[in-house]
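Visitor: Have a look at this one before I ask anything.
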Amino acid sequence: MIEIRDLEVRIGDRVIAAVPHLDVGPGQCVAIVGESGSGKTTTLLAILGLLDEAATVTGSIEAFGVRSPSTLRGSKIALVMQSPQGALTPTMRLGTLLRRALALHGVRGRAAADRTRQALRDVLLEDEILRRYPHQVSGGQAQRFALALALALGAEVILADEPTSALDVTVQAEVVAVLRRLHEERGLAVLLVSHDLALVSSIADHVVVMKDGQVVESGPAAEMFAHPAAGYTRELIAATPELPDA
Amino acid sequence: MLEARGVTIAYGKTPVVHDVTLTMEPGGVGLIGESGSGKTTLARALLGLLTPVSGAIAYGSRDLAAMDRAERARFRDAVQPVFQDGSEALDPRMRIGQSIAEGLRARTEPGKQIADLLTSVGLDPALADRRPHQLSGGQRQRAIIARALAVRPGTLILDEPTSALDVTVQARILELLEHLADERGLSYLLITHNLALVHRLCRTSYVMFAGRIVESGPSRTLLTRPAHPYTAALRDAVPRIGGPPPRATGRAEAAPRISTGCPYQRRCPLAVDRCRAERPELREVAGRMVACHRAEETTQVSEDQPSA
Amino acid sequence: MIRTSRFDLLARIGAAVLAAIILAAVVMPLFVPPDDPHPVDALLPPGAGHLFGTDQVGRDVFNRVLYGARTSLTIALAVLVLAALVGVTLGVLAGYSGGWIRDVIMRVTDVFLAFPALLLALALAAVLQPSVTTVIVAIAATWWPWYTRLTASVAASVARRGYVDAARCLGVRTPAIVFRHVLPNSITPVLVQLSLDAGGVILTAAALSYLGLGAQEPAAEWGLMIEQGESLFTTKWWVVTLPGLAILLTAFAFNSLGEGLRAALDPRRLTR
């Protein structure tokens, strides 16, 4: 669904992200892990065509066979950010917002109502939330609403940038549960960008580790966490604080 | 030692901390809770930055509110905060050295004192001339610690000291804190939502929900065999490398109900009629204090099934 | 602190125009004395001898406009310094202390803000003797509450920041906290507002002089010049129009500069 080949993003002559090879297949959950300055968010923005003008991009990014996937933003490709409340129009009820977004895609009346109901059920939200304004919902609800919006618009890939790092751990667990459900039951593909190795290990099938703009390791999640090859991956795993075993 | 005795704190008419009793201990104390639980408000009271409506903050068995100038100064020198880097803990217009100098008591050789403090937190003394925005997040956090150390305190109140940092940087700050605790005999009150940090730095923990302590006791007991369903929910929600997926209750954002019964009732999978009628008091069950009517059952179950 | 690259074109033009006006107002009088009346040469149109023409009593309008700039800029500077001193002091006090101190200060500013600035200035100027000093006092008296409000809201948010709490815990005394931390971190929006307001002060001063409450003959002041030449507007346009343009240009320059400062100092545009 998304194929990246020889992607290189530069600002001036500094390479801020170089990804030789990255595929997100149908129903796959791929995670890019790294610390600040690793280039993980840059890669995500490159896919969406949302990079700063100062950045030059070489290599190819294809999504659904399209060469410039930014045109698919808001339909087949959806973006979920760290704090979605900022992206929701503050003066509009969530129901109105969703209805307008659907109307923009030519979905109206019964069909729109059906899709809305289904999408809300998929993210475990009550219909009642449609009557609320963005400031009246909590962080976790806003994040799940963003997912519902993506689903209703027919997204097949969700690009999520630190979607839970602003949330309390119990709320994070709920959003992760919803993401896992969409991924496992609805076959939704997810490209997750996160600094949290433990979070990534609980959801991703495939992991790409980045550091200073370069990919240091890439492979199936289970294998990588069991036998990390790169020194940096081992360092990340060791640095992740652990709970005592029960 | 620093302690809170039956402290209630309110903003206007809304109480945010209810009747909390907490005692600092040499092995470190963790204060765990989600945002809005009142843990940061309690910390501000322990620092003397705000005054409780009722109850008292005491240091060396003297009530903070009744202290004279000299006692107050002694308290200041003994208890210092370490705020998180994200909270503008360093004045953006001041050089690092100037910020640290605010805490120096002896006026002799301030330059050398500042250099020593920076060295003790693993920073190059040359950074004294820089401003906060010229430092990395980890360096700023170390500078914040250095400033707190300037008055040679015995207790540091750490408010989410690593939550704004990358994991590898966080690991090094934790090492530094452990090292300082050994070397200088510091004890920490660590305020965090991250249970793994508490496990590392604190022998004792308090879990706070909706302004009340719902469970307290040895950190290891709380994390491995939680008695309160909220403590269990916090632990089970933490993702772990190679572990089971984080467990969600699906009700994490239900508003706590304060009026009657247990504040946790709306989120609790174990709530029964009694929980809705009567607020549970803290009592001792299986080696810790817990405020839950069903604590006997939860401690029983968790001995058979670790993941309850 | 301010990087010129963040200044947009308009702000640069504003700064340049302002620099030119200030330079002219400062340097010109060093070489050319104020022009005396020459009734023979009254009301000459702009031309070779008199760039801006002459007025009713034969004084060079260009000379008068430049001397007027001196008066206007002096008034603006004096008003803003006075208003900022009072306004910022009370604002920081209100914002940092909170509680009843804040309530009292804010109620007083509300009372002042309830009057339209020009009306209050008019009343004051009417009670006092008409003069440049009167204009300065009158306008400053109506201007300070805005700075109090602005500073109070910024200072209140600064007072909640980590470094202020940290300083309190280190035992730094309140006056030191206010002067070292709160004031420097609250002042930026006030500086921006000051430059935005300079144009308005000049306009108000001109209005008061126009109404006969400010500068008096033979002093050169733009508002006064317009008042005196008003009846000639349709026939001898230069007597009125050129000082009018001077007011407009100065006000525009200050505003552009202020907008540019606002954009340049916006924390969202500061690099980390």
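The values are calculated or read from the model by the stated rules, or taken from the named source; none is laboratory data. All of these numbers come straight from a predicted model, not from anything done at the bench. Cβ placement follows ideal geometry from the backbone for every residue including glycine, while neighbour counts extend to all protein chains displayed. For accessibility, only protein heavy atoms count, side chains too; no ligands or nucleic acids. Shrake-Rupley method; radii C 1.70, N 1.55, O 1.52, S 1.80 Å.
Visitor: Quick one: angle between helix C:99-114 and the longest Cα principal axis of chain C, in degrees between 0 and 90, rounded to 10, please.
Guide: 20 degrees
Visitor: Now for a separate question. At 1.4 Å probe size, with the rest of the protein present, what percent of the exposed accessible area of region A:67-171 is carbon and sulfur atoms?
Guide: 50 percent
Visitor: Using θ = phi - 60° and the Karplus form 6.51 cos²θ - 1.76 cosθ + 1.60, what ³J(HN,Hα) does each residue of region B:198-203 get, whole Hz, x for Gly and Pro?
Guide: Whole-Hz 3J(HN,Hα) from phi for region B:198-203: 4, 4, 7, 9, 10, 6.
Visitor: Report, in deg cm²/dmol and to the nearest 500, the calculated mean residue ellipticity at 222 nm for chain B, where each DSSP H run with n ≥ 4 adds -39500 (n - 2.57) and the sum is divided by the residue count.
Guide: Here the helix-only value at 222 nm equals -9500 deg cm²/dmol.
Visitor: What lysines could a cross-link reach from B:LYS39, if we take a straight Cα to Cα line under 28 Å and drop same-chain neighbours fewer than 8 places away?
Guide: B:LYS39 reaches B:LYS13.
Visitor: Which residues belonging to region A:230-246 lose at least 10 Å² of 1.4 Å-probe accessible area when the assembly is complete, relative to their chain isolated?
Guide: A:GLU235, A:LEU236, A:ILE237, A:ALA239, A:THR240, A:PRO241, A:GLU242, A:LEU243, A:PRO244, A:ASP245, A:ALA246
Visitor: Can you check what the net charge comes to around A:MET1, using other residues whose Cβ is under 11 Å from the Cβ of A:MET1 (Lys, Arg +1; Asp, Glu -1)?
Guide: Its environment carries a net charge of -3.
Visitor: If you don't mind, another one. Between helix C:188-210 and chain C, what is the angle of the helix's C-alpha long axis to the longest principal axis, kept within 0 to 90° and rounded to the nearest 10?
Guide: The helix C:188-210 is inclined about 30 degrees to chain C.
Visitor: Please list the non-local residues whose amide H lies under 5 Å from the amide H of B:LEU31, H modeled 1.01 Å from N, same-chain partners needing a gap of 5 or more.
Guide: The answer is B:LEU190, B:ILE191, B:THR192, B:TYR206.
Visitor: At 1.4 Å probe size, with the rest of the protein present, what percent of the exposed accessible area of chain B is carbon and sulfur atoms?
Guide: 49 percent
Visitor: Which residue, B:ASP159, B:ASP63, B:ASP19, tops the fluctuation ranking in a GNM of chain B built on C-alpha contacts under 10 Å?
Guide: Its mean-square fluctuation being the largest, the pick is B:ASP63.
Visitor: Under the classification rounded if a/c is under 1.5, otherwise prolate if a/b is larger than b/c and oblate if not, where does region B:157-308 fall, given a ≥ b ≥ c as square roots of the Cα gyration tensor eigenvalues?
Guide: Prolate.
Visitor: If you don't mind, there's one more thing I want to ask. Residue by residue through region A:20-28, what is 3J(HN,Hα) from phi via Karplus (6.51 cos²θ - 1.76 cosθ + 1.60, θ = phi - 60°)? Round to whole Hz and write x for glycine and proline.
Guide: x, 7, 8, 10, 10, x, x, x, 8
Visitor: Would you mind working out the accessible area per residue for the protein assembly as shown, using a 1.4 Å probe, and quoting it in Å²?
Guide: 44 Å²
Visitor: Something else now. For the interface of chains C and B, what total accessible area is buried with a 1.4 Å probe, rounded to the nearest 100 Å²?
Guide: Looking at C and B, the buried total is near 1800 Å².
Visitor: Another question, if that's okay. Tell me, which residues of region B:229-252 get at least 30 Å² less accessible area when the other protein chains come in, versus the chain alone (1.4 Å probe)?
Guide: B:ALA237, B:PRO239, B:ARG240, B:ILE241, B:PRO245, B:PRO246, B:ALA248, B:ALA252
Visitor: Taking each residue of A:195-205 in turn, how many C-beta atoms of other protein chains fall within 10 Å of its C-beta, and what is the average?
Guide: That average works out to 4.
Visitor: Please state the shape class of the protein assembly as shown: rounded when a/c is under 1.5, otherwise prolate if a/b exceeds b/c and oblate if not, all from the C-alpha gyration tensor.
Guide: Note, shape of the protein assembly as shown comes out prolate.
Visitor: Continuing with the same structure: Which shape class, rounded, prolate or oblate, goes with region B:21-174 when its Cα gyration tensor gives a ≥ b ≥ c as root eigenvalues, a/c under 1.5 marks rounded, and past that a/b bigger than b/c marks prolate?
Guide: oblate
Visitor: Within the set of other residues whose C-beta is less than 15 Å from the C-beta of B:VAL238, count the net charge using Lys and Arg as +1 and Asp and Glu as -1.
Guide: -3
Visitor: Kindly express, to the nearest 10 degrees and within the range 0 to 90, the angle between helix C:117-127's C-alpha long axis and the longest C-alpha principal axis of chain C.
Guide: 70 degrees
Visitor: Show me you know the interface measure: the accessible area buried between B and A, both chains summed, probe 1.4 Å, in Å² to the nearest 100.
Guide: 3000 Å²
Visitor: For every other residue with a beta carbon closer than 11 angstrom to the beta carbon of A:ALA155, add +1 if it is Lys or Arg and -1 if Asp or Glu, then tell me the sum.
Guide: +2
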